[in-house]
Amino acid sequence: MGIINKRLRLLRNVTHILLLILFLFLFLQTQYTGEDILEYPVNLFLRLDPFLALTSFIAARAVISDFLISGFIVILTLVLGRLWCGWICPMGTTIDILHKVFFKHSKRLVDSEKFRSIKFYLLFFLLVTSAFSLSLAGYFDPISILTRTVTLSIYPAINAIFEKSLLSGYSVDISWLSNASDYLYTVFKEYLLAFEQPVYYLNFFTFFIFFMIIFLERYEKRFWCKNLCPLGALLALLSPFALIKRKPQKKCPDCEGGCNAVCKLALFPGVGQEAYLKNECIYCFDCMEQCPNQRVEYSFGIDKREKKGVDLTRRGLIFSLSAGVFTYPLLRINPLSETRRLPARFVRPPGSVTEKEFLSKCARCGECMRVCIKNAIQPAFFEAGAEGLWTPRLDFAIGYCQFDCTLCGQVCPSQTVKRLTLDEKHKFVMGKAFFDKNRCIPYAKGIDCLVCEEHCPTLPKKAIRFKKVEVTDPDGRTKIVKQPFVDEELCIGCGICEYKCPVEQKAGIHVVNQKKVIKEGFFSSGGLY
Amino acid sequence: MNRREFIKRSLQLGAALTAAAKLPVLDLVRISRAQDKPEPIVATGKNTNYKNLVIDVMDKLGGMKAFVSPGDVVVVKPNLAWDSTPALGADTHPVVAKTVVELCLDAGAKRVMIFDRTAHDARRAYKSSGVQDAINEIKDSKVELSFVEKHKFVDVKITNGVSLKKWSFYKDALKADKFINVPVAKHHALAKLTIGMKNMMGVIGGNRGDIHRGLDQNLVDINTVVKSDLTIVDATRIMVSNGPAGGSPDYIRVKHELFASPDIVAADSYTAHLFGLKGTNLKYVNIAHSAGMGEKRVDKMKIL
């Protein structure tokens, strides 16, 4: 078979950067753009991710159809090796670029080889926890991490920087400066900036984890990819039969291991003459380009060498298996699971599957948070237990669920938040609203208000209506007040009432994650799960 | 210039700009444009062709040129508050909005701005209402349909305010030469009806929920700051229940009617008859009448 042309390295660089640009483009498209249907497959990279797919299938005990396209990457890896990491993965490109910018001159740790196997143990650990229906993959999956970090931290920060600086001239009393500022802001807003400044809980914490991944570059090139990434580990396991051969397969005796210094993943460790770690190779072709003697060649063909991968120890495997087993009770057996009670104010997005299924499917990627038109979907911290970290919940102090919007179900790669038709969405019960009569103005103060009633969108009639009641107000005057009430049968818990309520600090009405209607003579078994 | 020097220079420039930014902002207390007591003329019309309807009704008032002078910057303020389609009647009809803008252009307006501070998401509301697409069909650089931007609100002292002494208003609405109010006539549980005066909620900032306590007086106070030179009430279809958001065609009665008046109080008061009410049933109309803003008595109006 033919020798692989050296210009492939250029092709790789271009592809890798173009795909990062595609990732960012799809990220920007993950929003309402005039129709309730998204134009592009915005969650493409997540759905291509075989690690997320595999762990979700195991944890959910089902094949999730949206993930089936990840089979393409599996086949690609079987035939051509761990190409994903070198050519496709947007996290890999991000790491490469930031390494060049910040850590170009840093030196590799002397004994970094011992870290390489961590990613395999981590992968085994995550597969074991998936077997117990825990879904921890999203915490370690690079595409989840990147999507989540860009959504929750990086984009809001960039947006704030641009918005503040572009508008800094606006309030100045010089008309050309004011106009120029307004004009520039409008132009940027058209193409790059958010419609409204997005805000998210956990933005700092989320960024910190990304920061650590980048900071590890100080100690080693692609520290994350080489040592930690469970997706990389899975792809390495699929690589032994890849049909690409490298020549030479060992370090050249007359060279001081130049390949290892150049190699993104340090695949020529040790001092001896053992073969390089082919399974780990991401085919960046840096070594081919940089060999002073022009000796490195890649070609297509069957590779019959024996030593190809990383040595794993039995102790290490036993450790990760037992850690996986023990994690199940630590995360799942707690007051939340035993009482079947989430905190009352913890409301999942429309189309969410049952809570138990939710925790075993959600990829924690943040796509729904990104697409939510009113910024209402926020990442949870520990409200749904430790395993609920970064799962979506609605926060009605920040936004509300727009009645005619179905975007969150369209972007969820694991269909944890299901796609709903507009009709289904109108009827999907996220929770029920309850008045706090000590806070609600007509009840507490005897003053008409009705902002909640005004905004209530439900059909065939408003779930918030009112009755005229004669009351004595706090000053002792008797008057007629319009007192609002909630029709539980109709309320879907969209939360616009709570969001628009003019009572400061804590609204006079809140949505609670109760789905059933309480009425006389009606019983059914089971709680929230 | 080396890097160090560049950074130093940039910081100096930044400091200078920051200092400049501390200059006092424009004093925007507005000179009242509209006549203090406009003539209580209400032009009416009924037609299934809404473009002709607007043109005919405006002709009865002497055409748009009676209101818009060549070179004017005009604000056309439809109701775009809700993410709702034209058939559901929560927002101004797109043909009505578009025709009003076209008439302003014909009258020689220099710029026509269209905006509303929405209740639902603005992107969705502009789109679903059909108004965005209709306005974009005009294809004239003098027409500017824009979303309301937070940074363009300025605090205004309300000199004649009874309950509101200070509130933030949209700069474009304050600075326009002419303000044309194009509300849609709807049921509203608190105000009974929302027509022209209530439509002015779309040019104010702040927490509008607060405005609902003592809504009637607050509406009058808002309308003393931004006065409507012309109010065109879209009654092509009216919402008789579950307003102002609506959501179902069951709440709608199709009327094919439209009223226009230089007197916003007269316009609101006259429109009430469509709902089997009198203008005097509306508290804010009574307050506005007493304050001398306009005429509430239909028998004192000139109905054309």
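The values are calculated or read from the model by the stated rules, or taken from the named source; none is laboratory data. All values derive from a computational prediction rather than experimental measurement. Cβ: placed from backbone, ideal geometry, glycine included. Neighbour counts: every protein chain shown. For accessibility, only protein heavy atoms count, side chains too; no ligands or nucleic acids. Shrake-Rupley method; radii C 1.70, N 1.55, O 1.52, S 1.80 Å.
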Subset of the range B:67-96, residues under 19 Å from the mean Cα position of the chain (by Cα) and not in a loop (DSSP other than H, G, I, E, B), comes to B:Val73, B:Val74, B:Val75, B:Val76, B:Lys77, B:Pro78, B:Pro86, B:Pro94, B:Val95, B:Val96
Select from the range A:36-52 the residues that are in a loop (DSSP other than H, G, I, E, B) and farther than 30 Å from B:Ser128 by Cβ and write down the one among them that is farthest from the chain's Cα centre (by Cα). A:Leu48
Condition met for A:Ser171 (without any contact (Cβ under 8 Å) to a residue 24 or more places away in the chain, within 13 Å of chain B (Cβ to nearest Cβ), in a helix (DSSP H, G or I) and not hydrophobic (A, V, I, L, M, F, W, C)): no
If you go through A:Leu109, A:Leu68, the only one that is more than 23 Å from A:Gln410 (Cβ to Cβ) and either outside any helix (DSSP H, G or I) or open to solvent by 10 Å² or more (accessible area, probe 1.4 Å) (or both) is A:Leu109
So is A:Val296 buried (at least 19 other Cβ atoms within 10 Å of the Cβ) and assigned by TED's automatic domain parsing to the domain that holds A:Val79 or not? yes
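Rundown of residues vs (1) among the β-branched types (Val, Ile, Thr); (2) touching a Leu at 6+ places or on another chain (Cβ under 7 Å); (3) at pLDDT below 85, yes/no style:
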residue: A:Gly309; (1), (2), (3): no, yes, yes
residue: A:Ser322; (1), (2), (3): no, no, no
residue: A:Pro329; (1), (2), (3): no, no, no
residue: A:Ile333; (1), (2), (3): yes, no, no
residue: A:Thr339; (1), (2), (3): yes, no, yes
residue: A:Pro343; (1), (2), (3): no, no, no
residue: A:Phe346; (1), (2), (3): no, no, no
When you go through A:Ile118, A:Ile58, A:Ile95, A:Ile75 one by one, which is the residue that is among the hydrophobic types (A, V, I, L, M, F, W, C) and free of Cβ contacts under 8 Å to residues at least 12 places away in the same chain? A:Ile75
Go through A:Cys452, A:Cys408 for me and flag whichever is within 11 Å of chain B (Cβ to nearest Cβ), at pLDDT 95 or above and surrounded by 19 or more Cβ atoms within 10 Å (Cβ to Cβ). A:Cys452
Open to solvent by 10 Å² or more (accessible area, probe 1.4 Å) and small (Gly, Ala, Ser): which single residue out of A:Ala363, A:Ala376, A:Ala386 fits that description? A:Ala386
Out of B:Ala34, B:Ala66, B:Ala20, report the one residue that is open to solvent by less than 40 Å² (accessible area, probe 1.4 Å), away from chain A (no Cβ under 14 Å) and modelled with pLDDT under 95. B:Ala34
When the range A:16-34 is checked residue by residue, the ones that are surrounded by fewer than 17 Cβ atoms within 10 Å (Cβ to Cβ), of a type in the set (S, T, N, Q) and touching a helix residue (DSSP H, G or I) at 6+ places or on another chain (Cβ under 9 Å) are A:Thr33
Where A:Asn334 falls short, out of the listed (1) surrounded by fewer than 16 Cβ atoms within 10 Å (Cβ to Cβ); (2) more than 28 Å from the chain's Cα centre (by Cα): (2)
Say whether the condition of being surrounded by fewer than 22 Cβ atoms within 10 Å (Cβ to Cβ), under 23 Å from B:Trp82 (Cα atoms) and of a type in the set (A, V, I, L, M, F, W, C) is met by at least one residue in the range A:502-515. yes
Can you spot a residue in the range A:418-425 that is without any contact (Cβ under 8 Å) to a residue 40 or more places away in the chain and within 12 Å of another protein chain (Cβ to nearest Cβ)? no
Taking B:Ala109, is it assigned to a helix (DSSP H, G or I), modelled with pLDDT of 95 or more and among the small types (Gly, Ala, Ser)? no
Report yes if B:Asn207 is within 14 Å of chain A (Cβ to nearest Cβ), open to solvent by 40 Å² or more (accessible area, probe 1.4 Å) and at pLDDT 95 or above, otherwise no. no
Collect the residues in the range A:184-228 that are farther than 19 Å from A:Ile158 by Cα and either in a helix (DSSP H, G or I) or not assigned by TED's automatic domain parsing to the domain that holds A:Ile145 (or both), keeping them in residue-number order. A:Met212, A:Ile213, A:Phe215, A:Leu216, A:Glu217, A:Arg218, A:Phe223, A:Trp224, A:Cys225, A:Lys226, A:Asn227, A:Leu228
Subset of the range A:438-449 (residues that are within 17 Å of A:Gly476 (Cα to Cα), more than 9 Å from chain B (Cβ to nearest Cβ) and open to solvent by 20 Å² or more (accessible area, probe 1.4 Å)): A:Tyr443, A:Ala444
Is at least one residue of the range B:224-236 within 11 Å of another protein chain (Cβ to nearest Cβ), farther than 30 Å from B:Val254 by Cα and among the β-branched types (Val, Ile, Thr)? no
Would the range A:474-494 turn up any residue that is surrounded by 23 or more Cβ atoms within 10 Å (Cβ to Cβ), within 14 Å of another protein chain (Cβ to nearest Cβ) and not in a strand (DSSP E or B)? yes
Report the residue count in the range A:119-133 for those that are crowded, with 22+ Cβ neighbours inside 10 Å and of a type in the set (A, V, I, L, M). 2
Select, from A:Cys252, A:Cys229, the only residue that is touching a Phe, Trp or Tyr at 6+ places or on another chain (Cβ under 9 Å) and away from chain B (no Cβ under 14 Å). A:Cys229
Hey, does the range A:267-288 have a residue that's open to solvent by less than 30 Å² (accessible area, probe 1.4 Å), touching a strand residue (DSSP E or B) at 6+ places or on another chain (Cβ under 9 Å), outside any loop (DSSP other than H, G, I, E, B) and over 24 Å from A:Ile97 (Cβ atoms)? yes
Top-ranked residue of the range B:102-121 - restricted to ones that are in contact (Cβ under 8 Å) with a residue 40 or more places away in the chain and under 16 Å from the mean Cα position of the chain (by Cα), ranked as farthest from the other protein chains (Cβ to nearest Cβ): B:Cys104
Only one of (1) in contact with a strand residue (DSSP E or B) (Cβ under 8 Å, 6 or more places away or on another chain); (2) over 30 Å from B:Asn49 (Cβ atoms); (3) surrounded by 19 or more Cβ atoms within 10 Å (Cβ to Cβ) is not met by B:Val220, so which one is it? (1)
Is one or more of the residues making up the range A:77-96 among the polar types (S, T, N, Q), outside any helix (DSSP H, G or I) and surrounded by 15 or more Cβ atoms within 10 Å (Cβ to Cβ)? no
Does the range A:363-372 contain any residue that is within 14 Å of chain B (Cβ to nearest Cβ) and touching a residue at least 24 places away in the same chain (Cβ under 8 Å)? yes
Taking only the range B:123-181 into account, find how many residues are among the hydrophobic types (A, V, I, L, M, F, W, C), over 19 Å from B:Asn79 (Cα atoms), part of a strand (DSSP E or B) and away from every other protein chain (no Cβ under 12 Å). 2
